[in-house]
Every structure is written in structure tokens, then in C-alpha cells.
1. Once you charge only the Cβ atoms, +1 for Lys and Arg and -1 for Asp and Glu, what is the size of the charge dipole of the chain about its Cα centre, to the nearest 20 debye?
2. Taking the Cα centre of segment 317-472 as origin, work out the dipole magnitude from +1 charges on Lys and Arg Cβ and -1 charges on Asp and Glu Cβ, in debye rounded to 20.
3. Going by accessible area, probe 1.4 Å, with all protein chains left in place, what is the ranking of 304, 520, largest first?
4. In segment 498-645, carbon and sulfur make up what percent of the accessible area (probe 1.4 Å)?
5. In terms of solvent-accessible area of protein heavy atoms at a 1.4 angstrom probe, what is the ranking of 691, 252, highest value first?
6. For the chain, build the charge dipole from Cβ charges (+1 Lys, Arg; -1 Asp, Glu) around the Cα centre, then report which of 534, 623, 603 sits farthest towards its positive end.
7. Please list 3J(HN,Hα) in residue order for segment 660-673, calculated via the Karplus relation 6.51 cos²θ - 1.76 cosθ + 1.60 where θ = phi - 60°; whole Hz, with x for glycine and proline.
8. Quick one: if the Förster radius is 30 Å, what FRET efficiency do residue 192 and residue 108 give, using the C-beta to C-beta distance and rounding to 0.05?
Amino acid sequence: MTRPETRLSMPLAALGLAMVGILVGVLLLISARVDHNAMLHDQSLVERGLVAKTRDLERSIAPQTVWDEAVDRLGNRYDPVWARENIGAYLLGQSGFDLIFVLDGRDQAIFSQKVGSDLEPGYFSRHSASFNGVLKAVRDLERLKKPVQGPRPDGGLVSSPLQQSSFELIGSETYLVTASLVQPDFGRVLPRDSKAPIIVTALRLDAAFLLAMSNRFLLAGIHLHPGEATPQGQDARVAIRSLEGPVVATLDWTPPRPGQALLRKAGLPILLVVGGLAASVVVFAVRSRRIARGLVASEARATHMARHDALTGLANRSLFDDRLSEALRGLSRRRGTMAVLGIDLDRFKAVNDSHGHSAGDELIRLMAGRLTGLCRANETVARLGGDEFAVIAPNIDPSGAAALAERLVKALSEPADLSCGQVFVGGSVGVAVIDSAEAHIGAAEAARRADVAMYRAKEQGRNRYCFFEVEMDAALKARRGLELDLRRALAEGGVHLAYQPQVDARGQIIGVEALARWIHPTRGEISPAIFVPLAEDCGLIEALGRQVMRRAFADSRRWSGIKVAVNVSALQMRQDDYASEVAGLLIETGASPRNIELEITEGALLGDDETTHLTIERLRAMGFSLALDDFGTGYSSLSYLRRYPIDKIKIDRSFITPLGDDAEASALVASIVGLASALNLAVIAEGVETDQQRRQLQSMGCADAQGYLFSAAIAPEAVDAILSAGGQVNAAVSRATG
Ligand code: C2E
Ligand code: MG
Ligand code: MG
């Protein structure tokens, strides 16, 4: 596969090459243009040079032709000696012409000479074609000219030169031919004929001429070709024309090439610089692309992190919410069902507390892996926080959801091998199945239903799954309402105490158990069996416990000689500063711990942790006595009895009720009583309702009792009354005796 950098660098390299190519093209174009301009410049110099040369030559002839004496000696009478000396010798020698002719008024050569010798008499007429052009032109000028009448009064010149030049071929060679009309200069001699003589000069464009040109205009390789030469390469050319226009010869030379010179000198460095630039453009582009890809990747990472749980990599709550909304929208467009599963690990807190957070993290990761392994690709597994997970199954029917929930529960209950050792946790799963008719309920409601079902699964004993049902919702709502009411009641002192007497074998009061009472403004009396666990769940137990203890302590001051038993929730025992709080209440109320018995359940001792041990030690040290409540319903009771400094056990009502009817129950109670006496613990039976139960208990050795047989819980004033009446609990006495 091509890497993206390569994919990108190809067009970039092409771009770089194209840039270099374009630059080379531009450089070549510029150099060609410069060269062309230099050539044009050369050509125009040469053309103007030829014109100037012609004018120079014409000027050098002029003194010999505009001259009174020449009019006399060449026209009016012909003096061959004078002509030879003043025209021939002068123009051939001084001015460097190659051929000289003097023509009479009828254009017949009367004098023909070349350098060094006379020309044969027929020479001019043989080559007359080469001279006709200039001659005709000069004669035309002559006709237009005003005849000279005599010298001017001021003695000035009476004529200006009348000359015509043309490049002509004479034989095979090119000549600059000039015809000059012989005229008087001062007018002292006047021509007799109407047609004056003409002096014709011819200068051959020979090697010397070319050398002079090449020196003057710095032309290299100058050549003269007869006729119109075909261009040779890139040579510069000037056509040499006759007066009438046809090209008689071509002058060519090698033009200077400043453009190419520039290219040679600067081209390579420029190319290198541009090549370098192009290369850096490519490198830069590839780099920036890489950086951009890096940025995109880190943005993707950031987005992923914002939407996923860092510990497990699962979707987090935000992504879960979005996916759930999406699944509901999808459901609303079709017929079918989907499911949301709320999952909470059981006993996760215990692992975290006893093995540390890293073990907790390890456990969470392990469980996350198990959950993911059980879900399909279209299903979302999310970690909503702590030990809370959720699954969205966007397309599943109720039986499929049940099967999935069962698999999840089973997977979570498998032993977990952590670095600290093997732990067993398990999980409770709540399933909310939603059908297309309910797709409008929204993500929050769907998630809440799964949550409600999950709590129900927990209530039902954990490590199981439970489907959401509308009734649960009603129960949950009622519970929420009750929670608010309890909060208010606690704040307003709406919870009060009733005391249930405890009696000895003679029906004499030996203690009272403080029991919390809450009269709800609309629902009437609500059982502590309901509101105490509620207070434990919603964090109100400390406030409730404090209020109960404060009242019971205060009341106990009036009731000397009997114990006041106060129920203490397991949660309170785990509070770090519980003993100090109790000590504070003792000071506040002035109660004596000797008169107080604290009732704890086995649940409070279950953790067997440091804090509980310490708290119990401190409470005992303060002088409180401890009773183990609901004895027999819990776990390995004996070990707790050994480990903790317990004074008394309270045999749970569930063992007392069947007494008499059930031999097994009797045996059990008998063994508990035996155990108590063996461990030297006091024992009391609770929930004694019948005299038979009482007698049976007494026969087993359990004399102390509490129950409706004697009294239900009564107002503190009623306790006052019993005590002031001598401490006999009437009903009990009457029933016991009656
Ligand atoms: P518990 O501590 O075992 O209290 C005894 C419960 O048995 C009381 O119920 C009492 O009214 C009931 N009972 C007593 N004699 C009889 C009987 O002969 N027959 C029957 N059927 N029931 C009898 P109550 O008051 O409803 O309290 C229920 C539970 O609530 C208590 O059980 C205790 O665990 C808890 N509780 C009550 N008050 C407090 C409190 O102030 N603090 C804490 N932490 N828990 C409390
Ligand atoms: Mg109790
Ligand atoms: Mg009890």
C-alpha cells in the first residue's frame, strides 16, 4: 500500500519539477528575447552604419563635383589631363574608391579608371545596367534644379551637391555606386550644356570594407553573400538593396548572444536555487501534511478520550447518552424492541476497601472485558462510573434481552483472578425493554428504567437480573417521596421515640428498648422496618441515629435502675468518629453509659474491620453494654461472640414465634440459651407474645423477655408511670398470672 506521504509527495515532486521546468522555459525565453533584441539592435546599427558610410562617401566626393573648375574642365571643354589628376587620382587615391567614371551630358563615359590603371573603353557601357538607377535619379534631380545664373552677390555657394547612391552588382561583386552631378560652386563658370557631366564612383564591398564594418560595429564572423542569402542558423542579416529595391547582397554575421551568456553564467545558480526552493516546498508540504495528520490524530485522540472511559476504554456516559438517543430514534422508525441493561457490581466496594484501588481498577477492567466479550458489535457497552456499567442493545426482543442479562450475570459471577488473588464479586443487572411505541420516552427515562430494575435486582438478593416493570416505578417514586418526607421529618423533629419494656421472670421491668416512631402527615405511622433502611440508603441514618440517641439518653436520666436499649445501625458503627459523637451526646445529655445498652446486629460486625473493633472497644471503655440484636438470623454467630466484647444476646422473634409448635425451633432456642450461658452472656427473648412462649423460655433458662405479652412500645410518660408504680409491667403480670 502506498503511504500517504508518498501519495502526496508524487504530485508535489511533479509540482516542483514543473516549477523548475517553467523557470527553465522562462529563462530560455528571456535569453532568446534578449538575444533577439541584441540582434535587432545590431542589425539596425549596421543598416544605419551603411547609410552613414554612404553619406560619408558622398560627402568626400562632393568637393570634386561641386566645383567651378570641374564644370569648366569636364563639361564646357574636356581636359583629360585635369580629369586624371583631379578626379581620378584624387578619388581613387585619397578617398579609396575602386572605380571612377566621368560621364558626359549623354551619360557616355569619357573617363574610366580603376585603381592603378585605366579601364578598357567599353567597360562602362557593358556594365551600364549597374549604373542606370543612380544616373536616372541624378538626372531627375538635375531637371528639377534651377539653372545657375552667375555668382551670388554675397560670394556664397550657388549649388549644393546632387548625388544618388545605390548598392549594385558589377560583375559578380557588390559595389556602393554613387553618381554626383558636376555643378559650379561659386558660379564663376557656368555650364554651357543643359545636361552636366556626372562623376560616378564605385566602392567595392571587399574584405577591407567588411573588416572596417566589423571593427566599427564589433561584428564577429561578418560575411557578404551575393543576392538574398538563405538564413544560416541564428546569424544576423542585413539585406543590401539597390536604389530600386531588389536585394543585391546579404551581409551576415554572428550576433552577440547576451541572453545565452547570461544563461551560462547565472542559469546554473538560478536553477540550483530554484531547485532547492522547489525541494524545500516539497519537504515543507510533506512535513506540514505530517504535522496536520498528527494534529488530526491528536484531535481524534482527544475526542476519543472525551467520549470514552480512560480506565476501560468503554464508552463513557456522554457517549452512552448519545448512543441511547440514537438507538431510540432508530426504534421510532421501525417496529420492534430494544433494551437497555443497567449493571452494578456486587461487593465491589469491599474489594476496593480491602485490596486497594489498584485491585479495584484491575477488577473493573476485567469485568469490562467480560461484558464486551458478550456483546455484539452493534451493541454499546458503557462504563457510567464507579462499578456501574450499561449495555445498549438496539435490536433485541425480550427473550434475547433476558438471555443476554443471564449471560452477563453469569460472566460477572465467575471468579476474578487479580494480582492480589482471587475475588468473587458478581453483578446485578436491570433490564429495560422498550418497544417502538415507547421510543419517544428519551434516553434519560430509558436509562432510569434500567436503573430501577437494577436496584430491584439488588434488593432481591443481588447476582441476578430483573426486568423493569411499571409497578417498580411506582414503588420507586413512592420511595423517593418518602425519602423527601423523612428528610423533612428529621429536620423538623417529626421522629420520636417509643419504649418497649423488657421484663424479668417476675414481670418486673429491667429495661426498655427505644424504638423510633414516625407518624407521617398523610400516611400515618410508618414502620421503622421501612424508614430505617431508607435512612440508611439515602444518607439520613446518622441524623436519625443522633436524634434517637439524644432523646433516649435524655429519657434515661429519669429512669434509674433500668437499662435503656438503643438500636445502632451497622452503618453508624463504621463511622470513624462514632465513639466521639456518642461521647459528645453523653456530655450533652448528662446520661450515664451504665444505664445504656447499645443494640447492634451481626451486620455491624460483618466487615470485622479495624474501625468497628476500635469503636466497640471505646464504647465499652466508656461504660456502655452491648447487646447482639436479632441473634440467630445472621451468619457464623459464634465467632463474633468470641471476637467482640458482647454482654447480651437477643434471640430473634423468628425463633420465639414457633416455640411450642415446632420442636426444632425449641431445640434451636435451647441451644442458643446454652451457648449464652456457656459464654457467660446474658440472654433475652424478643417478640414474646404468649404465656406459653414465656414459660418455655423460662424452662430453658431464658428468664428475660420483651414482647407484646408484656407491652408494646409505649410513650416515655408511660414508662415514667410504670416506674413510679413500682416497675411491674401490668399486662404481662395479668396475662402471666391470668
Ligand atoms: P428490633 O430492634 O428487633 O426491634 C424489635 C421490633 O420488634 C420492634 O419493631 C418491635 O415493635 C417489634 N416487636 C416487639 N415485640 C413484638 C412482639 O411481641 N410481636 C411482634 N410481632 N413484634 C414485636 P419496630 O419498632 O417496628 O422496629 C423494627 C426494627 O426497626 C427494629 O427491630 C430495629 O431493627 C429497627 N429500629 C427501630 N428503631 C430504631 C432506631 O432507633 N434505630 C435503629 N438503628 N433501628 C431502629
Ligand atoms: Mg432492637
Ligand atoms: Mg430485634
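The values are calculated or read from the model by the stated rules, or taken from the named source; none is laboratory data. None of the values given here were measured: they were computed from a predicted structure. Don't worry about glycine lacking a Cβ; one is built from the backbone with ideal geometry, like all the others, and counts go over all protein chains shown. Surface accessibility is based on the protein's heavy atoms, side chains included, excluding ligands, DNA and RNA. Shrake-Rupley method; radii C 1.70, N 1.55, O 1.52, S 1.80 Å.
1. Computed about the Cα centre, the dipole is about 2720 debye.
2. Values: 20 positive and 22 negative charges, 61 e Å.
In total the dipole reaches around 300 debye.
3. 304, 520
4. Values: 3120 of 6140 Å².
Carbon and sulfur atoms account for 51 percent of the accessible area of segment 498-645.
5. The ranking, largest first, comes out as 691, 252.
6. 534
7. x, 7, 10, 4, 5, 4, 4, 4, 5, 4, 4, 5, 5, 5
8. Values: r = 17 Å, r/R0 = 0.56.
Efficiency, from the Cβ-Cβ distance: 0.95.
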